[in-house]
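The structure under discussion appears below in the form of structure tokens.
The values are calculated or read from the model by the stated rules, or taken from the named source; none is laboratory data. Note that the coordinates shown come from a computational prediction; the quantities given were computed from them, not determined experimentally. Every residue, glycine as well, gets a Cβ built from its backbone with ideal geometry; the counts of neighbours run over all protein chains shown. Accessible surface areas use protein heavy atoms only, side chains included; no ligands, DNA or RNA. Shrake-Rupley method; radii C 1.70, N 1.55, O 1.52, S 1.80 Å.
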Amino acid sequence: IYAVRYTRKIGALESLFRSMMGEEDESKVAVYLPADQPIRLHVILEEGGAESELGGLWITDADIRYNKGGFVLNFDEPLKEPMQAMRVQGKMGGFELGGIGNASPRLLDIDCGMGGGDVDLRGDWKNDCDIRLKVRFGGMGVRVPKNVGVEDAPVGADLLKTPGEVPDAPVLRFQTKAKFGEIETY
């Protein structure tokens, strides 16, 4: 287990005033992960953000939680092995997930409130996926690839197909719930 904790030394109000006065606050930390080791990724973001590229790594599971912030997470190339599960849970903020097909999680569970996100499911899917999407007081856009079968996708995708229309392709099965917001596919 390796942990990286990165916190600011000044309060949120002082940080806001400094940024209003033109002071730059460009502090950051770079973390490099080995590609040849299986990794369970657990990320907690509080009042901050992250940009991550995990393509080509060996991520077995990912659990990402954010509060008053957000993140961008991409998989530009397939993982060493398909991921078992990816969970995203957030409050007051937003996120972008890209190339999720290259991670090929068997379970994708996203739950966000007071904000929203963009989810790009394109990539090289290796297996079926159960996708659970839940949003409260916000919105979520989901880009559905054309090279997979789709079941019960949210309203909005004119490209929806039954699994039989894409022979031998992985199937993405959706369960969605939106309260005071919407989930839209394209």
Flagged pairs (Cβ under 7 angstrom, 6 or more apart or on separate chains; first in segment 33-51, closer than 17 Å to residue 63 by Cα; second surrounded by 13 or more Cβ atoms within 10 Å (Cβ to Cβ) and of a type in the set (Ser, Thr, Tyr)) are 38/60; 39/60; 40/60; 45/66
Segment 165-177: number of residues that are in contact with a Leu (Cβ under 9 Å, 6 or more places away or on another chain) and either buried (at least 19 other Cβ atoms within 10 Å of the Cβ) or closer than 19 Å to residue 101 by Cα (or both) | 4
Residue within segment 61-78 that is assigned to a loop (DSSP other than H, G, I, E, B), at pLDDT 95 or above and open to solvent by 80 Å² or more (accessible area, probe 1.4 Å) present = yes
Examine segment 7-27 for a residue that is assigned to a loop (DSSP other than H, G, I, E, B), within 22 Å of residue 94 (Cβ to Cβ), within 20 Å of the chain's Cα centre (by Cα) and not charged (D, E, K, R), and state whether such a residue exists.
-> no
Residues in segment 112-143 that are open to solvent by 10 Å² or more (accessible area, probe 1.4 Å) and either farther than 16 Å from residue 72 by Cα or outside any strand (DSSP E or B) (or both) total 15
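Test residue 81 against the stated conditions and say whether it is out of contact with any Ser or Thr (no Cβ under 7 Å at 6 or more places or on another chain), assigned to a strand (DSSP E or B), among the acidic types (Asp, Glu) and open to solvent by 30 Å² or more (accessible area, probe 1.4 Å).
Spelling it out, it is not the case that residue 81 is out of contact with any Ser or Thr (no Cβ under 7 Å at 6 or more places or on another chain), assigned to a strand (DSSP E or B), among the acidic types (Asp, Glu) and open to solvent by 30 Å² or more (accessible area, probe 1.4 Å).
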Taking segment 84-111 only, how many residues are in a loop (DSSP other than H, G, I, E, B), hydrophobic (A, V, I, L, M, F, W, C) and either open to solvent by 30 Å² or more (accessible area, probe 1.4 Å) or out of contact with any Gly (no Cβ under 9 Å at 6 or more places or on another chain) (or both)?
-> 0
Can you spot a residue in segment 147-155 that is of a type in the set (Val, Ile, Thr), in a loop (DSSP other than H, G, I, E, B), open to solvent by 30 Å² or more (accessible area, probe 1.4 Å) and closer than 14 Å to residue 184 by Cβ?
-> yes
